[in-house]
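J.: Would you mind keeping the following structure in view while I ask a few things?
Each reported figure results from applying straightforward, stated rules to the coordinates on display, with no laboratory input. From a predicted model like this one, the values you see are computed outputs, not experimental measurements. Heads up, the Cβs are rebuilt from the backbone with ideal geometry, glycines too, and the neighbour counts pull from every protein chain shown.
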Amino acid sequence: MKKTIQLKVFPSKVNNLEFIKSLACKQEGINKHELTDIVIVKRSLDARSSRPFFLLRIDLYIDQNIPEQKEITSQFSDVSDAAEVLVIGAGPAGYFAAIELIELGLRPIIIDRGKDVRERRRDLKAIQQEGVVNGDSNYCFGEGGAGTYSDGKLYTRSHKRGKIEKVLRLLVEHGAISDIMIDAHPHIGSNKLPKIISAIRETIESHGGVVRFNSKVVDFILKDNHLNGVKLEGGETIKGSAVILATGHSARDIYKLLHGLDITIEAKPFALGLRIEHPQSIIDKIQYNQTERSPYLPAASYSMACQVERKGVFSFCMCPGGLVVPAATSPGEIVVNGMSLSRRDSAFANSGIVTAIELDELENMGYAGVFASLDFQKDVETKMFNAGDGSQKAPAQRMIDFTEAKLSDTLNSTSYIPGLYSAPLHDLLPSSIYYRLSEGLKQFGKKNTSYFTNDANVIGVESRTSAPVKIPRDKETFMHIGTPALFPCGEGAGYAGGILSAAMDGQNVAKAVRKFINS
Ligand SMILES: Cc1cc2nc3c(=O)[nH]c(=O)nc-3n(C[C@H](O)[C@H](O)[C@H](O)COP(=O)(O)OP(=O)(O)OC[C@H]3O[C@@H](n4cnc5c(N)ncnc54)[C@H](O)[C@@H]3O)c2cc1C
């Protein structure tokens, strides 16, 4: 007999299978020798009570062996001679589209402006240590896209469980720990992601797909509005039966190119704010109610949201035990983001604290038209850069000083390697944005007094939260409205907001391309 149960287990015992079996028997009144085996199906941490516990969903097998399961491993055939589909962008959307294309018998030709994961590391070092930003190879551009040196949290608001499982399974098949299949908040970590990404590339290449780095798309080849291929910097043209455009939210040149070619794009609201960095111990104390975190508990995270003047202020991409990183994609900008290693063991907790910015608000600030959000985003990033010394040092303030519009005499220590400098963020941000962020932080402080502290820094500017432009596509065919054979995909087109959703969008678009080619 199989029985599914819920079990509360304290953190010190969550990895002790024998203990869990005994506890399950006790709870269910089962004799220990009757229990053949157990399978943990879901694991989530509940830290709401004074003594945090893990809630496990477990399948118990009583007087019955676990039915032999056919190992579901992905099967790919060789597509070297199949119809070629261009995939622009080697981020999660592009790579998962490519894998799906291979499954569907099509040959992906992936083109990325950046370098492979290994080469890319040098450019990240140059940003971190010398403040030099390479416009084609940085935290957003290069193999694996913004996903490679990201935090690797694998959450999505999508509830299409089957599809989520397929992405997670592919990640596990390429080297991710299998815990991601059961954890309620799966996390990989930026030290583990590069190996997984290059293993995905090996799968693509070994089945006849092509991956080209250092290949920047600078033009599209159109015939009677039909997209036939792309032109690379340097002049080479590449043709394909269809083009999946998965260039991410930071490819401003691609948006400009589309607009210049009269390919419809739309302005899109987005969110902008700051990254806040607390000592991890403060967040642990708030969440776990323990002066010192038990060694069995992970670095604590949080999620906050409130309304100020009927607009949302919310935490975004929280990275417990993480690092704040410089995520600019061009020289002359300051952009910050967050990531963490798999162990999440840094002394800091960082999170974006951002506010929603609608198009009418931008219009009031003098930004109109299809590039309203993009121009605004760029102006704020440039202003943050110009306030500094020309390096990637980021402007910062202590949290309460920020809410009191007071320049900080000194700053707290930080994980941000390029370093921080004290700056009047209250002046550098547009006044309405400053007001909402500041009031939002005060509201968060009312919910949790320890959160609202001058021991935290706020750092400018968290501006790459989502795409500032949408590339419209048909709901059924996933094809661009007005440009046959162009398939906008992933976060840059406005159809995803993270690694998992970008990967799932890639898979959906690949299926749509298969239908298009068959038709
Ligand atoms: C520091 C950081 C931390 C993050 N942490 C998380 C997290 O924990 N969890 C999560 O879900 N999400 C996280 N994200 C967001 C996540 O990485 C993105 O949502 C996701 O990568 C979007 O996937 P994508 O494939 O649509 O685009 P991208 O990943 O942005 O990939 C786009 C690709 O297109 C290429 N490209 C751009 N222009 C051109 C051109 N002209 N020619 C050729 N190639 C081009 C780029 O080089 C890039 O490789 C993080 C992002 C950053 C920067």
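J.: Of Ala510, Val117, Gln27, which is farthest on the positive side of the dipole of the chain, counting Cα position, with +1 on Lys and Arg Cβ, -1 on Asp and Glu Cβ, and the Cα centre as origin?
T.: Of the listed residues, the answer is Gln27.
J.: Given the convex hull of the Cα atoms of the chain, what is a quarter of its surface area in nm²? Intermediate results must be reported in sequence, preceding the final value.
T.: Details: hull surface 101.5 nm².
Taking the Cα atoms of the chain, their convex hull projects to 25.4 nm² on average.
J.: Going out from 0 in 10 Å bins, what whole percent of all Cα-Cα distances in the range 272-327 drops into each bin?
T.: 20, 44, 27, 8, 0
J.: With a bin width of 10 angstrom, please list the P(r) values of the range 269-462 as percents of all Cα-Cα pairs, from the 0 bin to the one holding the largest distance.
T.: All Cα pairs, binned at 10 Å, distribute as 10, 38, 37, 14, 2, 0 percent.
J.: Next question, about the same structure. Considering only Cα-Cα distances, which of the following residue pairs are longer than 31 Å: Lys163/Lys285; Lys153/Lys393; Lys192/Lys239? It would help to have the intermediate numbers written out before the result.
T.: On the way: Lys163/Lys285 36 Å; Lys153/Lys393 26 Å; Lys192/Lys239 34 Å.
As for pairs spanning more than 31 Å Cα to Cα, those are Lys163/Lys285; Lys192/Lys239.
J.: Which pairs break 31 Å Cα to Cα here: Lys268/Lys515; Lys223/Lys470; Lys42/Lys115; Lys115/Lys442?
T.: Working: Lys268/Lys515 29 Å; Lys223/Lys470 23 Å; Lys42/Lys115 37 Å; Lys115/Lys442 43 Å.
From the list (Lys268/Lys515; Lys223/Lys470; Lys42/Lys115; Lys115/Lys442), the Cα-Cα distance tops 31 Å for Lys42/Lys115; Lys115/Lys442.
J.: Could you list which residues have their amide H under 5 Å from that of Val335, counting only those 5 or more apart in sequence or on another chain, with H placed in the peptide plane?
T.: Ala327, Ala328, Val461
J.: Using square roots of five times the C-alpha gyration tensor eigenvalues, list the equivalent-ellipsoid semi-axes of the range 236-376 in whole Å, biggest first. Provide the component values of the computation, followed by the final result.
T.: On the way: eigenvalues 269, 89, 30 Å².
Rounded to whole Å, the semi-axes are 37, 21, 12.
J.: Mind jotting down a quarter of the surface of the convex hull over the alpha carbons of the range 82-181, in square nanometres, one decimal? All intermediate terms of the calculation are to be shown ahead of the outcome.
T.: Working: hull surface 30.2 nm².
Approximately 7.5 nm², given one-decimal rounding.
J.: Given the peptides 503-511, 83-91, arrange them by the average over their residues of other C-beta atoms within 10 Å, most packed first. Before the final figure, lay out each step's value.
T.: Numbers: 503-511: 25.0, 83-91: 27.6.
So the order, starting with the most tightly packed, is 83-91, 503-511.
J.: Hey, another quick one. First obtain the Kirkwood hydrodynamic radius of the range 2-62 from its Cα pairs, then insert it into the Stokes-Einstein equation at 25 °C and 0.890 mPa s, and state the resulting D in µm² per second as a whole number. Can you show the working numbers first?
T.: Values: Rh = 11.7 Å.
For the chosen part, D equals 209 µm²/s.
J.: Further question: In debye, nearest 20: dipole of the chain around its Cα centre with unit charges on the Cβ of K, R (+) and D, E (-)? If you can, show how the numbers build up before the last one.
T.: On the way: 62 positive and 60 negative charges, 263 e Å.
Computed charge dipole of the chain: roughly 1260 debye.
J.: Turning to a different aspect of this structure: Which helices count as membrane-span-like in the chain under these terms: full DSSP H, at least 27 Å along the axis by C-alpha, Kyte-Doolittle mean of -0.5 or more?
T.: On the way: long enough: 499-518 (29 Å, 0.28).
For the chain, where a helix must reach 27 Å along its axis and average at least -0.5, the hits are 499-518.
J.: Using only alpha carbon pairs under 8 Å that are at least six residues apart, calculate the relative contact order of the chain and give it in whole percent. Mind showing how you got there, number by number?
T.: Values: 1221 pairs, mean separation 94.0, N = 519.
Once normalised by length, the contact order is 18 percent.
J.: With a 10 Å Cβ neighbour count serving as the proxy for reagent exposure, in which order, fewest first, do Val211, Val41 appear?
T.: Val41, Val211
J.: Write down, largest first, the equivalent ellipsoid semi-axes of the range 374-519 in whole Å, where each equals the square root of 5 times an eigenvalue of the alpha-carbon gyration tensor. The partial results should precede the final answer.
T.: Numbers: eigenvalues 337, 57, 39 Å².
Square roots of five times the eigenvalues give 41, 17, 14 Å.
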